[in-house]
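One structure is given below, encoded as structure tokens.
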Amino acid sequence: MRSILAASLKTFTLLIAAVAMLASGLTAEAAEIVSGLSSRSFNPGFSNAWIGGPLGLYGNLSIEAVGTQGASENLQLMLAGKLNLSTGTQDILLNSAAEGRVLPAIIPCVYLRGILHRTSVLPDSAIKSYADLKGKKIGVPTLSYGGIGFMKFALRHAGVSPDEVQFVAVGDGQQAAIALSSGRIDALTNADVDVAQLQRLGVKLRILGVPDSIKDAATAYAYVFPTAWYDTHKDTAKEIVKGLIRSVIVMTENPEAAVKVSYYMHPEAVPAGVSREKAIQDAVEVIKVRIPLIERKSTVSDKWCEFPQSAWENLVDILGIKGKVDPMKFYTNELIESVNQIREPELREWARSLKVPDGDTEIAAWLKTLKPPL
């Protein structure tokens, strides 16, 4: 099976077309910023990507977050000028460069630093470790899921060739759970928050421990901008990143408020068959799972957005492209000092004070009254 990380001719053609469109001047308006997600799932576990707009965390900027089919489409749309920035596209960017296709994109902030991918099996499965995955079918949300690169890295450290497993696209949520419980797949790999959400819905899972040799490894999820747009809109990019970090702070300080605002924005994400109160409670627990990976202090830095060269070198090793690409050609730390000067103590206090009312009409009116410390 072709790996999505080894770009196909079709993907390459689309990317080149996107670059050409960007060069011709097709860009999103700066006054309304459009951010691309590498998923169509609006799981509150990563609601920091979209709650900042209605909470007023970007100041005068208007921000819209849109879902895509995955990292490949997300990157293509950004390079085509349909998006001002993308998230979750750093792996494809680096893999393309390793194959000789250096795309015009830049990373001024890494907001998630750690291992967020989880591999789960049914409680009575004979699979006890990554080594036992040899010859098995592993379910993933889509074949463009960034966790596939991590899985290949983990498998190699467990003594298993990635060619000895089969990755199967099974979707998210209950679709993925059915694929596992029915035996269509032997194991399921998805994000930490997706695993937590399934468990809160009553799905019994057993999470495999990663090989000891990679327990301290760190993947990176980044905010990625098209280079041409970033170079001509640095002040705007700085304010976008500040707003995104403020959103992280609010979500981690007050998960319940983040969930309520997220469900107000995306009611389609509320799980079927449970009360709204139960859905909110479950989502809060999901966010608590994600918090350690998105806090300011991480295993690699205690500053927002910072990802040192040593961490990048470990990441390209995870992606299996060590020695084939210099990730520092895509990363810039020029915004870090400014981003870390946000009014963090005041913002944390403000976030803790948020009391989201019940009812869409009441929430809409409440949002208009908010004045966060910017």
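The values are calculated or read from the model by the stated rules, or taken from the named source; none is laboratory data. Please read these numbers as outputs of a predicted model, since none were measured by experiment. All Cβ positions, glycine included, derive from the backbone under ideal geometry; neighbour counts span all protein chains shown. SASA here: full protein model, heavy atoms, side chains in, ligands and nucleic acids out. Shrake-Rupley method; radii C 1.70, N 1.55, O 1.52, S 1.80 Å.
Placing unit charges on each Cβ (+1 for Lys and Arg, -1 for Asp and Glu) gives region 181-234 a dipole about its Cα centre, and among G202, T232, A187 the Cα reaching farthest toward its positive end belongs to G202.
For the chain, list the DSSP H helices whose alpha carbon atoms reach 18 Å or more along the long axis and whose average Kyte-Doolittle value is 0.0 or above?
TM-like helix candidates: 9-23, 234-253, 276-294.
The apolar share of the surface of region 42-156, taken as the fraction of accessible area on carbon and sulfur atoms (1.4 Å probe, ligands and nucleic acids excluded), comes to 51 percent. The order of the peptides 272-280, 49-57 by mean Cβ neighbours within 10 Å, most packed first, is 49-57, 272-280.
When peptides 238-249, 338-349, 357-368 are sorted by average Cβ neighbour count within 10 Å, with the highest value leading, the order is 238-249, 338-349, 357-368.
Is the chain rounded, prolate or oblate when judged by the Cα gyration tensor, a ≥ b ≥ c being the square roots of its eigenvalues, rounded requiring a/c under 1.5 and prolate requiring a/b larger than b/c?
Oblate, because a/c is 1.5 or more while a/b does not exceed b/c.
Could you check how much of the accessible area of region 189-266 is carbon and sulfur, as a whole percent, using a 1.4 Å probe? Within region 189-266, the accessible surface is 44 percent carbon and sulfur.
Using alpha-carbon pairs under 8 Å, 6+ residues apart, how would you state the relative contact order of the chain in percent?
Numbers: 662 pairs, mean separation 89.6, N = 374.
Taking the mean separation of contacting Cα pairs over the length of the chain, I get 24 percent.
Per residue of the chain, the DSSP helices (runs of n ≥ 4 H) give a summed -39500 (n - 2.57) that works out to -12000 deg cm²/dmol at 222 nm.
Using the heavy atoms of the protein chains and a 1.4 angstrom probe, tell me the accessible area per residue for the chain in square angstrom.
Working: 15910 Å² over 374 residues.
I get 43 Å² per residue for the chain.
List, in the order given, every pair from K238/K368; K278/K303; K297/K355; K134/K288; K128/K297; K82/K297 whose Cα-Cα distance in the structure shown is over 30 Å. Please list the in-between numbers first.
Working: K238/K368 24 Å; K278/K303 35 Å; K297/K355 27 Å; K134/K288 32 Å; K128/K297 32 Å; K82/K297 33 Å.
The pairs that break the limit, which is 30 Å between Cα atoms, are K278/K303; K134/K288; K128/K297; K82/K297.
Across region 237-374, Cα pairs under 8 Å and at least six residues apart give a relative contact order of 33 percent. The simple spin-label model puts a point 7 Å past each Cα toward its Cβ; for R348 and Q309 those points are separated by 3.2 nm.
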